[in-house]
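Asker: Below is one structure. I have some questions about it.
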Amino acid sequence: MLKNNIQDALNAQISLEASSSATYLSMATWCDRQGLSGCAAFFYAQSDEERMHMLKIVHYINDMDGLAIIPPVDKPASEFESIQIIFKMVYEQEKHVTDSINRLMTLSQEGHDHATTVFLQWYVGEQREEEALVREILDKIRLIGDGSQSLYYIDKELERINKVRAAAEAAGADAGAEAKA
Ligand code: OFO
């Protein structure tokens with residue numbers, strides 16, 4: 001059974017993940033319109049991931065016999081100044097999510113809610129990876145610079161990152177299937 005304050009905080013996190021999913025979907029469609037197919041693919045996948053993060057919390061609350069609340073989602077921005085600015089926004093968004101997960105973790109530890117603490121550990125690792133990835137992308141964008149071909153090279157870089165992530169996920173899925181066999 002979840003304590004009320006923990007359940008409320010988990011429901012707030014559901015809302016944050018849903019909002020991240022919608023924001024990344026909007027960024028994906030903007031990239032599509034600009035012909036940035038590598039960036040668009042990155043954000044479509046990212047939007048799916050955020051929905052999965054949301055769903056994990058919904059299932060967790062249900063497993064704990066609590067009440068998961070599916071939130072309304074604010075309309076995300078549909079226009080953006082540039083792909084460079086989009087990735088800066090993403091970094092700020094991910095840091096905000098990390099802060100929220102850290103606060104939730106503190107709440108569960110202070111409430112001696114060991115099940116929730118263990119559940120949240122996955123999110124702590126996920127946020128560390130996501131922040132590191134976005135920092136890597138921002139570093140590459142800085143190195144590519146503002147030359148006339150910069151959008152082309154940024155998009156190529158995102159295509160490369162998409163392939164690496166897809167291969168890592170496939171390897172993880174194989175490892176999972178082996179572990180089950
Ligand atoms: Fe939900 O992982 Fe980042 O935001």
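Asker: Obtain the nm distance between the two label points defined at Leu55 and Leu138 by a simple spin-label model: each point lies 7 Å from its Cα along the Cα-to-C-beta direction.
Answerer: About 3.0 nm, to one decimal.
Asker: May I ask you to give the percent of accessible area on the chain that is carbon plus sulfur, with a probe radius of 1.4 Å?
Answerer: Carbon with sulfur: 56 percent of the solvent-accessible area.
Asker: Let me ask something else about it. Equivalent-ellipsoid semi-axes (√(5λ), Cα gyration tensor) for region 57-131, whole Å, largest first?
Answerer: Result for region 57-131: semi-axes of 29, 17, 9 Å.
Asker: Could you provide, to the nearest whole Å², the per residue accessible area of region 88-164 with probe 1.4 Å?
Answerer: Value for region 88-164: 59 Å² per residue.
Asker: With only alpha-carbon atoms in the gyration tensor, what are the semi-axes of the equivalent ellipsoid for the chain, in Å, largest first?
Answerer: Its equivalent ellipsoid spans semi-axes of 32, 19, 15 Å.
Asker: Work out the length of the dipole vector of region 78-181 about its Cα centre, built from +1 on the beta-carbon of each Lys and Arg and -1 on the beta-carbon of each Asp and Glu, and round it to the nearest 20 debye.
Answerer: Around 200 debye, computed over region 78-181.
The values are calculated or read from the model by the stated rules, or taken from the named source; none is laboratory data. The structure displayed is predicted, hence computed values, not measured ones. Cβ coordinates were reconstructed from backbone atoms using ideal geometry, including for glycine residues, and neighbour counts include every protein chain displayed. Accessible surface areas use protein heavy atoms only, side chains included; no ligands, DNA or RNA. Shrake-Rupley method; radii C 1.70, N 1.55, O 1.52, S 1.80 Å.
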